[in-house]
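Comments concern the structure below.
The values are calculated or read from the model by the stated rules, or taken from the named source; none is laboratory data. None of the values given here were measured: they were computed from a predicted structure. Glycine also receives a Cβ, built like all others from the backbone with ideal geometry; neighbour counts cover every protein chain displayed. With ligands, DNA and RNA removed, areas are computed over all heavy atoms of the protein, side chains included. Shrake-Rupley method; radii C 1.70, N 1.55, O 1.52, S 1.80 Å.
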Amino acid sequence: MKKITTRLATLDDIDPLATLFDAYRQFYALDPDLALSRQFILDRMLGHESVLLIAEDETRTPAGFCQMYPTFCSLAAAPIYALYDLFVLPEARHLGAGRALMLAAEAHALRNGAVRLDLTTAKTNLAAQGLYKGLGWKRDDIFYAYSKTLAA
């Protein structure tokens, strides 16, 4: 069995991250666009706007990534992270990469003073929901999530 490790991504990881991010977007039924994926990840890294974690096997082959954004909870009057992107390549899903990324995200958030991690996932993404539940995450049954696409 391959051993999975996680670490904070650096600019040296931009190309493998872009490939993973493009695959993630395709998982959510968007058209492939490696250039857009690369630019988006590069902009987040250069602007220090997100935290990117990468999972790799012992040969340093990328297995998945996690991206989270620092923000705040007004009610708790404290920092939190929005865990927005989590993706593991299909061939690495049985290796524990998702779990490792989730635990690394939690550790990073704690080290940086966050009091909570938030995420959303598709109702149909049952595998991810099982992972979250197994790691002690609680599904919100009180609040509804709303969004609005804005026209340019």
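So which residues in segment 74-89 are among the hydrophobic types (A, V, I, L, M, F, W, C), over 18 Å from Arg25 (Cα atoms) and surrounded by 15 or more Cβ atoms within 10 Å (Cβ to Cβ)? So that I can check it myself, show each step before the final result.
First, the residues of segment 74-89 that are among the hydrophobic types (A, V, I, L, M, F, W, C): 75-78, 80, 82-83, 86-89.
Filter again for over 18 Å from Arg25 (Cα atoms), leaving 75-78, 80.
If the condition is that a residue be among the hydrophobic types (A, V, I, L, M, F, W, C), over 18 Å from Arg25 (Cα atoms) and surrounded by 15 or more Cβ atoms within 10 Å (Cβ to Cβ), then Ile80 is the only one that fits.
Residues of segment 33-73 that are in contact with a strand residue (DSSP E or B) (Cβ under 8 Å, 6 or more places away or on another chain), over 22 Å from Glu91 (Cβ atoms), open to solvent by 30 Å² or more (accessible area, probe 1.4 Å) and not in a helix (DSSP H, G or I): Glu49, Tyr69, Pro70, Thr71, Phe72. Can you find, within segment 90-106, the residue that is modelled with the lowest pLDDT among those that are open to solvent by 30 Å² or more (accessible area, probe 1.4 Å) and assigned to a helix (DSSP H, G or I)? Across segment 90-106, the extreme among qualifying residues is Glu91.
Taking the stated definitions as given, is His48 of a type outside the set (Val, Ile, Thr) and touching a residue at least 24 places away in the same chain (Cβ under 8 Å)? Steps first, please.
On the way: of a type outside the set (Val, Ile, Thr): yes; touching a residue at least 24 places away in the same chain (Cβ under 8 Å): no.
Against the criterion (of a type outside the set (Val, Ile, Thr) and touching a residue at least 24 places away in the same chain (Cβ under 8 Å)), His48 does not qualify.
Under the condition of being within 13 Å of the chain's Cα centre (by Cα) and not in a helix (DSSP H, G or I), which residue from segment 8-32 is nearest to Arg99 (Cα to Cα)? Filtering first and then ranking leaves Leu8.
Of everything in segment 121-132, what is under 22 Å from Ala63 (Cβ atoms) and open to solvent by 50 Å² or more (accessible area, probe 1.4 Å)? Give them in sequence order. Please lay out each step first, then the result.
Within segment 121-132, the subset under 22 Å from Ala63 (Cβ atoms) is 121-122, 125-132.
Hits for segment 121-132 are Leu126, Ala127, Gln129.
If I ask for residues that are basic (Lys, Arg) and within 20 Å of Pro79 (Cα to Cα), which ones from segment 92-138 would you list? The answer is Arg111, Arg116, Lys138. Residues in segment 8-17 that are open to solvent by 60 Å² or more (accessible area, probe 1.4 Å) and either farther than 14 Å from Arg44 by Cα or of a type outside the set (Ser, Thr, Tyr) (or both): Leu8, Leu11, Asp12, Asp15.
Pull up segment 107-120, narrow it to residues that are of a type outside the set (Val, Ile, Thr) and touching a helix residue (DSSP H, G or I) at 6+ places or on another chain (Cβ under 9 Å), then point me to the one that is least open to solvent (accessible area, probe 1.4 Å). So the residue we want is Ala114. Cβ separations smaller than 8 Å between residues 6+ apart or across chains give the following pairs from segment 1-12 residues that are within 14 Å of Leu53 (Cβ to Cβ) to residues that are open to solvent by 60 Å² or more (accessible area, probe 1.4 Å) and assigned to a loop (DSSP other than H, G, I, E, B): Thr5/Glu58.
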